[in-house]
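Engineer: Sending over a structure as structure tokens; questions will come in a sec.
The values are calculated or read from the model by the stated rules, or taken from the named source; none is laboratory data. Source: prediction; values computed, not measured. Don't worry about glycine lacking a Cβ; one is built from the backbone with ideal geometry, like all the others, and counts go over all protein chains shown. The protein model used for the area step is the full one, side chains on, heavy atoms only, and it has no ligands, DNA or RNA in it. Shrake-Rupley method; radii C 1.70, N 1.55, O 1.52, S 1.80 Å.
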Amino acid sequence: MRKKIVAGNWKMNTSFKEAITLIEEIKKSTIPNGIELIVNPPFVYCQPLVQLLKSSTIKLGAQNCSEHQSGAFTGEVAAAMLQSIGVTYVIIGHSERRSFFNEPDETIAKKINQAIHSELCPIFCCGEQLSEREANNHFEIVKTQLENGLFHLSETDFKKVIIAYEPVWAIGTGITATSDQAQEMHQFIRTLVSKHYTHEIADNCSILYGGSCNASNAKELFSKPDVDGGLIGGASLKAADFIAIAHSF
Ligand code: PEP
């Protein structure tokens, strides 16, 4: 049975004090049984937050990692470094990385390899731009992102991956994909996984929806059979909203 997951992507937000308050509030809340709750703060807060979450079931993820293992890469953070401080997940291929930092699929594939090599669980993001959907190219775009960034993995390694479908036009815009649009793409992704790997692997693969998912629309989105949870940006910065989303299954 695949995991139900709610992951918060804090992006480049919160002061350290605010980060601690947010974590304390999330920790105090009742987390529904069987839901994997993940917070992805900025790098610099990872280690102190890992400590704060030691006695909790909440998991910690990073928002990125280097495509390199180690060495002269000023400013970069290696997957192995994250793993060594207790980080368990890492977001890879977020659309903001793809567009603002010019990360092509090849770089994303290397980051996936680093994450797997360091025993981090990658949250692989894919999704089309508005113009690509308008041109009816959205399935082809997502297929290419998966083929180039993820499908080189062996069956054993692919089983460690979570996929997040995030239509770029829905991220931070307040325009959420309809639950039917999300379901249609999630089903398409699961079918691709099934073709590249096995039916069983596809059935066990968690596919999250991301893009203006909030406490008001999560229930409708999560009611769809192939939507296994959400990758949440803005709404993950308020503990009450984030927890309400976790209660939306
Ligand atoms: C995201 O950045 O991954 C995201 C889904 O953002 P938002 O929820 O704010 O649209």
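Engineer: Here are the criteria: (1) part of a helix (DSSP H, G or I); (2) under 28 Å from Ile116 (Cα atoms); (3) in contact (Cβ under 8 Å) with a residue 40 or more places away in the chain. Tell me which single one Leu153 does not satisfy.
Structural biologist: All conditions are met except number (1).
Engineer: So which of Ser194, Ser248 is more than 16 Å from the chain's Cα centre (by Cα), of a type in the set (Ser, Thr, Tyr), more than 10 Å from the ligand (Cβ to nearest atom) and in a loop (DSSP other than H, G, I, E, B)?
Structural biologist: Result of the check over Ser194, Ser248: Ser248.
Engineer: Return the only residue of Glu166, Glu140 being open to solvent by 50 Å² or more (accessible area, probe 1.4 Å) and among the charged types (D, E, K, R).
Structural biologist: Checking each option against the conditions leaves just Glu140.
Engineer: Separate question: Right, Ser179: buried (at least 17 other Cβ atoms within 10 Å of the Cβ) and touching an Asp or Glu at 6+ places or on another chain (Cβ under 6 Å) or not? Quick ask: steps written out before the conclusion?
Structural biologist: On the way: buried (at least 17 other Cβ atoms within 10 Å of the Cβ): yes; touching an Asp or Glu at 6+ places or on another chain (Cβ under 6 Å): yes.
Criteria met by Ser179.
Engineer: Shifting gears a bit: Can you run down the residue pairs with Cβ atoms below 6 Å, 6 or more apart or on separate chains, where the first is in the range 198-215 and in a loop (DSSP other than H, G, I, E, B) and the partner is more than 16 Å from the ligand (Cβ to nearest atom)?
Structural biologist: Filtered contacts from the range 198-215: Cys205/Val193; Ser206/Arg2; Ser206/Lys3.
Engineer: Which residues, counting only those in the range 111-128, are over 17 Å from the mean Cα position of the chain (by Cα) and either within 23 Å of Ala202 (Cβ to Cβ) or surrounded by 17 or more Cβ atoms within 10 Å (Cβ to Cβ) (or both)?
Structural biologist: Filtering the range 111-128 for residues over 17 Å from the mean Cα position of the chain (by Cα) gives 117-118.
Scanning the range 111-128 gives a single hit, Ser118.
Engineer: Looking at Ala235, Ala218, Ala202, Ala177, which is the one that is over 17 Å from Val39 (Cβ atoms), within 13 Å of the ligand (Cβ to nearest atom), touching a helix residue (DSSP H, G or I) at 6+ places or on another chain (Cβ under 7 Å) and small (Gly, Ala, Ser)?
Structural biologist: One residue alone meets the criteria, Ala177.
Engineer: Open to solvent by less than 30 Å² (accessible area, probe 1.4 Å) and in contact with a strand residue (DSSP E or B) (Cβ under 8 Å, 6 or more places away or on another chain): is that true of Leu221 in this structure?
Structural biologist: On the way: open to solvent by less than 30 Å² (accessible area, probe 1.4 Å): yes; in contact with a strand residue (DSSP E or B) (Cβ under 8 Å, 6 or more places away or on another chain): yes.
It is true that Leu221 is open to solvent by less than 30 Å² (accessible area, probe 1.4 Å) and in contact with a strand residue (DSSP E or B) (Cβ under 8 Å, 6 or more places away or on another chain).
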